[in-house]
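Visitor: Below: one structure in structure tokens.
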Amino acid sequence: MKHIISPTDLTVSELSDLLILAEEIIQNPKKYYNVCQGKKLATLFYEPSTRTRLSFEAAMLNLGGNILGFSSADSSSAAKGESVADTIRVISSYADICAIRHPKEGAPLVASIHSSIPVINAGDGGHNHPTQTFTDLLTIKNLKGRLNNLTVGFCGDLKFGRTVHSLINAMVRYDNIHFVLISPEELKIPTYLREEVLNANNISYQEVRNLEAVMPDLDLLYMTRVQKERFFNEEDYIRLKDTYILDTKKMQLAKEDMLVLHPLPRVNEISTEIDSDPRAVYFKQAEYGVYVRMALIMKLLEVA
Ligand code: CP
């Protein structure tokens, strides 16, 4: 039985197979309408979500399966003090597979240790968000045509942004990737990522503050929200939240085929005037999330 706790829990080859299956689902969704008939997905969400939870649920429904779960810690027995370990032991007898989001880093890993069904990390604190990464890679592969030879800008909250951490971890495995890490000093990537992932693998990267200066270099710009919920101090959040706002003027500096991605939700960091720019693909990216999660459920339940 396989769990997906980190994006690197899939090898590059397994990831390639996953993306190929997701593309086949896009081309011929009807072929997959009943492949999970009789199977149940549990969504255990201890933190708010729109895209991840609902796309997981849409994915299982599209495959002919059923769903159960909770959308907040308050509406589960976590509110009475139940541990993740006990919860997953019980859920293992109610469902065939589960997706768990939790504010504590490592909670999905703990769940996987105590689970007898596949566990998928749907976001753990500021740590990882592997299925967002699979979604991002499907978006890049389909809309950019490749996963190598790319200059990738990450902009905003690189400290707490788990989607950034996961995507960097996954992309270092492709050839000729250069990262441009754009953030204020306080929101730079965590030291472990710089030392153990980038430096340890001799990955090419630069850390800068000024977005405008690097815009012409980028093949992809991955914008992120400043993660209010992870700040200890509201004053710091208010001071930093609008550091970067992508607008038409900044987009004029970019390549004609640069793509703008964002895991969403967006707050102020991308002006809505950008939404009609063909390079803005964040809503398409959210749509791809359903297909890649369909493919992942199929792989983990071994129906593919
Ligand atoms: N991208 C993402 O994780 O969105 P949600 O928080 O809405 O699930």
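Visitor: Under a point-charge model restricted to the Cβ atoms of Lys and Arg (+1) and Asp and Glu (-1), what is the dipole moment magnitude of the stretch 130-285 relative to its Cα centre, in debye to the nearest 20?
Guide: Details: 20 positive and 23 negative charges, 79 e Å.
Dipole magnitude for the stretch 130-285 comes out near 380 debye.
Visitor: Let me ask another. Express the accessible area of the chain per residue in Å², computed with a 1.4 Å probe while the remaining protein chains stay in the model. Each step should come with its number before you reach the end.
Guide: Details: 13020 Å² over 304 residues.
Value for the chain: 43 Å² per residue.
Visitor: Right, something else. For the stretch 212-221, just list the computed ³J(HN,Hα) in residue order, Karplus coefficients 6.51, -1.76 and 1.60, θ = phi - 60°, integers in Hz, with x standing in for Gly and Pro.
Guide: Running phi through 6.51 cos²θ - 1.76 cosθ + 1.60 with θ = phi - 60° gives 4, 5, 9, 3, x, 7, 8, 8, 9, 10 Hz.
Visitor: In nm, to one decimal, how far is the modelled label at Glu256 from the one at Glu234, with both set 7 Å along Cα→Cβ?
Guide: In this crude spin-label approximation the distance works out to 4.9 nm.
Visitor: May I pose another question? How far apart, in nm, are the 7 Å Cα→Cβ label points at Glu186 and Tyr174?
Guide: Reported label-point gap for Glu186 and Tyr174 is 3.3 nm.
Visitor: Tell me, what % of the accessible area of the stretch 1-94 is carbon and sulfur with a 1.4 angstrom probe? Before the final figure, lay out each step's value.
Guide: Details: 2300 of 4740 Å².
So the carbon and sulfur contribution to the accessible surface is 49 percent.
Visitor: Taking all protein chains as present, what is the carbon and sulfur share of the accessible area of the stretch 130-285, in % to the nearest whole number, probe 1.4 Å? Spell out each step's value before the answer.
Guide: Working: 3040 of 6640 Å².
Summing carbon and sulfur atoms, their accessible area is 46 percent of the total for the stretch 130-285.
Visitor: Not counting ligands, DNA or RNA, and with a 1.4 Å probe, what is Val12's accessible surface area in Å² rounded to the nearest 10?
Guide: Around 60 Å² of this residue is reachable by solvent.
The values are calculated or read from the model by the stated rules, or taken from the named source; none is laboratory data. Nothing here was measured: the structure is a model prediction, and the numbers come from that model. Because the Cβ atoms are built from the backbone with ideal geometry, glycine has one as well, and the counts that use them run over all protein chains shown. Please note that ligands, DNA and RNA were not included when accessible areas were found on the heavy atoms of the full protein model with its side chains. Shrake-Rupley method; radii C 1.70, N 1.55, O 1.52, S 1.80 Å.
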